[in-house]
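Following: one structure in structure tokens, then a few remarks.
The values are calculated or read from the model by the stated rules, or taken from the named source; none is laboratory data. Keep in mind that what you see is a predicted model, and the values were worked out from it rather than measured. Cβ placement follows ideal geometry from the backbone for every residue including glycine, while neighbour counts extend to all protein chains displayed.
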Amino acid sequence: MELVPLQVAGPTDTTTTLPTPVTQVVPGDSFALEVWARTDDAQGLSSVSMNIQFSPAVAVVNTVTHSTIFSELQGGTVDNVAGTVAGLTGSHLSSCADQVGVAPTWARVAVLDMQAVGAGSLVVTSGDTGVLALGTAVCGFGDLLPAQVSYGVATLPVSTTPIPTVSTWGLVVLSLLLLAAGTVVALPRVLRE
């Protein structure tokens, strides 16, 4: 499993290359945390379940939206005081012929709509639900043991000092180029006799 923080959720529920995560947000910013899963088993995933923990002093979860793939038997209880999404789960209940989330293809499980509320390092982790009925399962095989699942972690700085955007850097570079060009143009001409 992988957790990927983004400015906004992507348009697709499958990919072979995970999206590039956002590098920083400021307090008050909304952002998306995408939850992705895949397996090396050729049968694919039939369900994915986990608990999510996050730093509630740094960010909160507004909503959880399950993907179109894992749209059955949905679960996930948000507790912004404790900093958890308990029992985040979804299944697809279709035939094993679908081969959902077979590597190298990732399948998006859900999107957490989050909001930064304070400065700090937002650490989001996923882990076992601790509930036997809420497991991650491979099609035709059944539930995986928690030790068989690689749970994801995401870290996102929330700072009151925003990182300069490309447009800001572009203005700096343009200003320097104009200064340099003006300096070159202002060089005195040497007259030849």
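Checking each residue in segment 54-88 for being over 14 Å from residue 113 (Cα atoms) and either assigned to a strand (DSSP E or B) or without any contact (Cβ under 8 Å) to a residue 12 or more places away in the chain (or both) picks out 72, 73, 74, 75, 86, 87.
As a summary of the residue check, residue 94 satisfies the conditions (1) closer than 18 Å to residue 32 by Cβ; (2) at pLDDT below 95 except for the one numbered (1). Among the residues in segment 46-58, are any under 19 Å from residue 30 (Cβ atoms), in contact with a strand residue (DSSP E or B) (Cβ under 7 Å, 6 or more places away or on another chain) and among the small types (Gly, Ala, Ser)? Checked against the condition, which is being under 19 Å from residue 30 (Cβ atoms), in contact with a strand residue (DSSP E or B) (Cβ under 7 Å, 6 or more places away or on another chain) and among the small types (Gly, Ala, Ser), segment 46-58 yields at least one hit. The requirement of being modelled with pLDDT under 75, assigned to a loop (DSSP other than H, G, I, E, B), closer than 19 Å to residue 36 by Cα and not aliphatic (A, V, I, L, M) is not satisfied by residue 140.
Of the set (1) touching a Phe, Trp or Tyr at 6+ places or on another chain (Cβ under 9 Å); (2) assigned to a loop (DSSP other than H, G, I, E, B), all apply to residue 42 but (1). For segment 147-167, filtered to residues that are exposed (fewer than 11 other Cβ atoms within 10 Å of the Cβ) and of a type in the set (Val, Ile, Thr), the residue that is modelled with the lowest pLDDT is 166.
Selection within segment 4-39: residues that are among the acidic types (Asp, Glu) and in a loop (DSSP other than H, G, I, E, B). The member of this set that is nearest to residue 155 (Cα to Cα) is 29.
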